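Enquirer: The structure follows.
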């Protein structure tokens, strides 16, 4: 089952070479999905404290 999230269209400016290389890899319909995965992964990396409980568990900080 595919769950679709609400979407909104944005305009983003990218350097030509990496943008064209990525487009060649994912195809014309895959760029938005690729960008979404990259942004989601980066957001997870930028906020690791929210995703992992403190070492030792609750109350043992």
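Nothing in this text is a laboratory measurement; each read-out follows from the coordinates by a stated rule. A quick note: this is a predicted structure, and the numbers were derived from the prediction, not measured. With ideal geometry, Cβ positions are generated from the backbone for all residues, glycine too; neighbour counts draw on all protein chains shown.
Enquirer: Can you compute the modelled spin-label distance between residue 41 and residue 24, with each label point 7 Å from Cα toward Cβ, in nm?
Expert: Those two pseudo-labels are separated by 2.0 nm.
Enquirer: Let me ask you something else. Give me 22, 7 ranked fewest to most by other Cβ atoms within 10 Å of their Cβ, as a rough exposure proxy.
Expert: The fewest-first ordering by Cβ neighbours comes to 7, 22.
Enquirer: Taking the beta-carbon count within 10 Å as an exposure proxy, list 8, 17 from fewest neighbours to most.
Expert: By the 10 Å Cβ count, ascending: 8, 17.
Enquirer: I've got another one for you. Listing 3, 26 from the residue with the fewest other Cβ atoms within 10 Å to the one with the most, what is the order?
Expert: Exposure proxy ranking, most exposed first: 3, 26.
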